[in-house]
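A quick write-up on the structure given underneath.
Laboratory data are not the source of any read-out in this text; all were calculated from the coordinates shown. Source: prediction; values computed, not measured. Cβ coordinates were reconstructed from backbone atoms using ideal geometry, including for glycine residues, and neighbour counts include every protein chain displayed.
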Amino acid sequence: MILVTGATGNVGAGVVRAVAAAGEPVRAMSRSGEGAGLPKGAEGVAGDLNRPETVREALDGVRALFLMPGYEGQRAVLADARAAGVERVVMLSGKSAAVDDGNAVTRYLRAAEDGVRESGLDWTFLRPVSFMSNAVSLGDQIRKGDEVRVPFPGVRTADIDPYDIAEVAARALLSPEHAGHVYTLTGPQSLLPADRIAVLGEVLGRELRTVGLTDEEAREALGAAFPAPYAEAFLRFFADGILDESQVLPTVEEVTGRPPRTFREWATEHTNAF
Ligand SMILES: NC(=O)c1ccc[n+]([C@@H]2O[C@H](COP(=O)([O-])OP(=O)(O)OC[C@H]3O[C@@H](n4cnc5c(N)ncnc54)[C@H](OP(=O)(O)O)[C@@H]3O)[C@@H](O)[C@H]2O)c1
């Protein structure tokens, strides 16, 4: 039995699908315990990672845990996991965990990794770059018109489809051979925001135009969309340039045996988000 937290999320839902497809029973945890739409072999369970007592029962009979980072109850959840006989934990972290900056994002990811390392369980850390699914946040603009305003127009990133993060996670959950590995995960192409919008335009049959925000405008836009410490972290990453996500890495293909999905594939599958 595999327990997947964040099971209604971009990555977690894919982990549930990939583990179930491999024929392994899976518990799909979210705060609601929503079970509708789960694949055969998966059951929905309710649990809140900020309230470890709500997670404990679902650890029964589990051999591997897919863990979302940054929740207050992590230490207790991991202690309970160890007591319940869980063998390994695969945690969703991020490439920025490699950067020692002290901003809100690097801080919570590094603290989460430290907590897992100290848990005594075998672990695998997944450190993806930006998700292709972040493009969903452009949906409102795209529905209103053809002009798409984006922060950090000059920053190339090799965004990854959450599908591929989930595929790697499933391998690491199902086999002990990935224990002790830190996997930095990217998509197959390093693109500018305007490149992605051009692809979206082609897929949607629209003439979309990219307008780059200045860093000051980006500060305002991010401040409206995220709590201030997170907006500041994104500015540190991409305006100050302390995080380089431009490199394409072979990790997804090395672990799964097939190349990661392109942005065009992601966009084609998610046209209804626009
Ligand atoms: N987006 C990026 O570009 C990017 C890049 C690198 C790393 N990351 C990392 O990826 C993570 C986000 O992954 P995602 O996009 O798959 O997540 P997501 O789509 O935002 O979903 C979050 C999931 O966590 C669950 N959740 C929320 N609060 C919870 C709680 N208190 N207890 C238990 N579960 C809870 C949600 O379920 P319910 O709300 O249904 O309970 C949902 O299933 C973040 O930690 C981020 O740092 C993101």
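Observations
- Label-to-label distance, nm, for residues given as TYR230 and ALA36 (7 Å Cα→Cβ offset): 2.5 nm
- GLU87-ALA198 FRET efficiency (beta carbon distance; Förster radius 51 Å; 0.05 resolution): 0.65
- The distance linking segment 111-127 with segment 219-272 is 22 Å (Cα centroid to Cα centroid, whole angstrom).
- 0 to 90° range, to nearest 10: angle between helix 104-117 axis and the chain longest Cα axis: 20 degrees
- Distance between the pseudo-spin-label points of VAL136 and ASP101 (7 Å out from Cα toward the beta carbon): 2.4 nm.
- Mean ellipticity per residue at 222 nm, deg cm²/dmol - from DSSP H runs of n ≥ 4 across the chain, formula -39500 (n - 2.57): -11000 deg cm²/dmol
- If you plug the beta carbon distance of ALA111 and VAL248 into 1/(1 + (r/R0)^6) with R0 = 25 Å, you get a FRET efficiency near 0.30.
- Estimated FRET transfer efficiency when R0 is 30 angstrom, pair ARG56-ALA179 (beta carbons, to 0.05): 0.80
- Summary value for the chain: 18 percent relative contact order, contacts being C-alpha pairs under 8 angstrom separated by 6+ residues.
- Taking Cβ atoms as reference points and 11 Å as the exclusive limit, the residues near VAL86 contribute a net charge of -1, counting Lys and Arg as +1 and Asp and Glu as -1.
- Segment 50-75-segment 160-211 distance, computed between alpha-carbon centres (Å): 27 Å
- Once the Cα atoms are used to define both axes, helix 193-204 deviates from the longest principal axis of the chain by about 90 degrees.
- Positive-end extreme of charge dipole, the chain - chosen from ALA231, LEU204, ALA21 (charges on Cβ): ALA21
- Relative to the longest principal axis of the Cα atoms of the chain, the long axis of helix 74-83 makes an angle of roughly 30 degrees.
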